[in-house]
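Novice: Please see the structure below; I have some questions.
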Amino acid sequence: VKSIAVLTSGGDSQGMNAAVRSVVRSALFHGLQVYGIQRGYLGLINEDIRPMDLRSVGDIIQRGGTILQTARCKEFLTPEGQQRGADILRKHGIDGLVVIGGDGSYQGANKLSKLGIKTMALPGTIDNDIAYTDFTIGFDTAVSIVVDAINKLRDTMTSHERSSVVEVMGRHCGDIALYAGLASGAESILVPEVPVDLVSVANRMKENFTNGKRHSIIVVAEGVGSGHDIANKLFEMNGIESRVTVLGHIQRGGTPTHNDRVLASRLGDFAVRKLIEGESGKACGIIKGELVATDIDIVVNSKKPFNMELYELAARLSQ
Ligand code: F6P
C-alpha cells in the first residue's frame, strides 16, 4: 500500500484519538500518505476526506471522543453503499483503510476488503464485546469511571445504610459490570451471561444488613434490563428500598487511562504494519500481551468468552 485512510465508526470510546494518532504517525513513519475520513462510513460516502500530517494528530492522545467524529450510517449497510465507498477510496488513490470501532464497523471493513480495499479493524468500544482481543480500546477507562462512581455512591449509601442499584453500559456484554463490580467490591453483579437469580440477590441484601454491613451495592449490566425495574422487583421481594443510578454516557467520556492509550498506540501501529505487509480483512487485537491479527469473518462470528473465574471470585470476595 502507498496511501491509507483512517476512520472511527459506531459509538465512540476513550482512546480512539490515541489510535488515530498511532495510525497516522506510524503510516507517515513508513513513508505512506495518510487521510482522515470524517464521521465514519457516512463521511466516506460523502467524500469527507482530508490529508493528515504529523501535526493533525498533535495534542489528542489525552482526549476522549474522536477528532474524526463518528456516525452510524444506514446507507453503508447496502451493497450499493459499500461499492460507492470502495469507488471513492480508489478515486482518491487510497488502497488501505483502518477502521476503529465496534462490531458493526468490523462488518463494514470486511465488505470493503471483499471489494478489493485492504482493510484492518481495531476494537474501539467501551463494551469489551469483541472476540480475539483481551480488551477493547475504551473499556479500561469506562471501568475506571464506573469504579469511581461506585466509590462515591458507597460513601453516601453507608451513611444512610442504604442499598444502591447501579446500571452500567455494555450492550449484550457484562464485562463492564463484572470488572467494575469486582474492583469496587459490589455485593452483587448481574450480567447477561449468567442467569439472574433475583431471589438470592434479595435474600443476600437482607442478610448483609443483618450481618452488620451498612450498604449493598448491586451492579446491573444494561443487557440484563433496567436498573429501575431490578430495584422495584427487589423491593417487592425484601422490602428494602434501593436508590438507582444509571451512569449512561458518562462512561464514554473523559481522558483515556494509560492502559487504553498504550493499547490504542500498539494496535494502530500494528494495523499499519499489517497493511504494509499486504494483509487485509483482519481484526487486530492483543491476546495475553501478544499482538494478533485474525480474519474479521472469524471475529464477527465469534462470541467473546465470559470470564467465569472473575465472576466467581467477585462473589466469594463480597461476603
Ligand atoms: O456500544 C457502546 C455503547 O455505549 C453501549 O454500551 C450502549 O448500549 C450504546 O453504545 C449506547 O448507544 P448510543 O450512544 O447510541 O445511545
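The values are calculated or read from the model by the stated rules, or taken from the named source; none is laboratory data. Because the structure is predicted, anything quoted here is derived from the model rather than measured. Cβ coordinates were reconstructed from backbone atoms using ideal geometry, including for glycine residues, and neighbour counts include every protein chain displayed. Calculation scope for accessible area: heavy atoms of the full protein, side chains included, ligands and nucleic acids excluded. Shrake-Rupley method; radii C 1.70, N 1.55, O 1.52, S 1.80 Å.
Novice: Taking a ≥ b ≥ c as the square roots of the Cα gyration tensor eigenvalues, with a/c under 1.5 meaning rounded and otherwise prolate when a/b beats b/c, else oblate, which class fits the range 1-114?
Specialist: oblate
Novice: Moving on. How large is the dipole of the chain about the Cα centre if only Lys and Arg carry +1 and Asp and Glu carry -1, each at its Cβ, rounded to the nearest 20 debye?
Specialist: Dipole of the chain, to the nearest 20 debye: 680 debye.
Novice: Enter the accessible area per residue of the chain (Å², integer; probe 1.4 Å; all protein chains in place). All intermediate terms of the calculation are to be shown ahead of the outcome.
Specialist: Numbers: 13850 Å² over 319 residues.
The answer is 43 Å² per residue.
Novice: Hey, any idea what % of the range 86-128's accessible area is carbon plus sulfur with a 1.4 Å probe?
Specialist: That share works out to 47 percent.
Novice: Could you let me know the centre-to-centre spacing of the range 282-311 and the range 147-176, using Cα atoms, in angstrom?
Specialist: The range 282-311 and the range 147-176 have Cα centres separated by 28 Å.
Novice: Moving on. For the Cα atoms of the chain, what angle does the longest principal axis make with the long axis of helix 16-29, in degrees from 0 to 90, nearest 10?
Specialist: 30
Novice: How large a share of the accessible area of the range 21-78, in percent, is made up of carbon and sulfur atoms when the probe is 1.4 Å and the other protein chains stay in place?
Specialist: On the way: 1510 of 2970 Å².
Answer for the range 21-78 is 51 percent, counting heavy atoms of protein chains only.
Novice: Pick from Asp197, Asp95, Asp175: which is most flexible by mean-square fluctuation in a GNM of the chain where alpha carbon atoms under 10 Å apart are linked?
Specialist: Asp197
Novice: OK, next. On the principal axes of its Cα set, how long, how wide and how thick is the range 122-244? Give whole Å, largest value first.
Specialist: 47, 27, 21
Novice: In degrees from 0 to 90, rounded to the nearest 10, what is the angle of the helix 227-238 Cα long axis to the longest principal axis of the chain?
Specialist: 20
Novice: Also: Spelling out what I want: for every residue of the range 131-141, take phi, set θ = phi - 60°, compute 6.51 cos²θ - 1.76 cosθ + 1.60 (Karplus), and round to whole Hz; glycine and proline get x.
Specialist: Taking θ as phi minus 60°, the curve returns 6, 6, 8, 5, 9, 9, 6, x, 4, 4, 5 Hz for the range 131-141.
Novice: Rounded to the nearest percent, how much of the accessible area of the range 147-298 (1.4 Å probe, protein heavy atoms only) is carbon and sulfur?
Specialist: Details: 3460 of 6890 Å².
Percent of accessible area from carbon and sulfur atoms in the range 147-298: 50.
Novice: For a quick protection proxy, order the peptides 288-294, 141-147, 69-75 by their average other-Cβ count within 10 Å, most packed first.
Specialist: Ranking, from highest mean packing down: 141-147, 69-75, 288-294.
Novice: Springs between alpha-carbon pairs under 10 angstrom, Gaussian network model over the chain: which of Leu153, Leu275, Leu263 fluctuates most?
Specialist: Leu153
Novice: Still on this structure, please answer the following. Out of Gly239, Thr257, Ala293, whose Cα points farthest toward the positive end of the dipole of the range 215-319 (charges: +1 Lys, Arg; -1 Asp, Glu; placed on Cβ)?
Specialist: Thr257
Novice: While we're on this one: Cross-link list Lys206/Lys288; Lys2/Lys304; Lys206/Lys303; Lys152/Lys233; Lys213/Lys288: which exceed 31 angstrom alpha carbon to alpha carbon?
Specialist: From Lys206/Lys288; Lys2/Lys304; Lys206/Lys303; Lys152/Lys233; Lys213/Lys288, over 31 Å: Lys206/Lys288; Lys2/Lys304; Lys206/Lys303; Lys213/Lys288.
Novice: Sticking with this structure for a sec: When a/c is below 1.5 the answer is rounded, else prolate if a/b is larger than b/c, else oblate, so apply that to the chain with a ≥ b ≥ c taken from the square roots of the Cα gyration tensor eigenvalues. Could the numbers behind the result be given before it?
Specialist: Numbers: a/c = 2.54, a/b = 2.34, b/c = 1.09.
Taking the square roots of the gyration eigenvalues as a ≥ b ≥ c, the chain is prolate.
Novice: Please determine, in degrees from 0 to 90 and to the nearest 10, the orientation of helix 258-276 with respect to the longest principal axis defined by the Cα atoms of the chain, where the helix direction is its Cα long axis.
Specialist: The helix 258-276 is inclined about 30 degrees to the chain.
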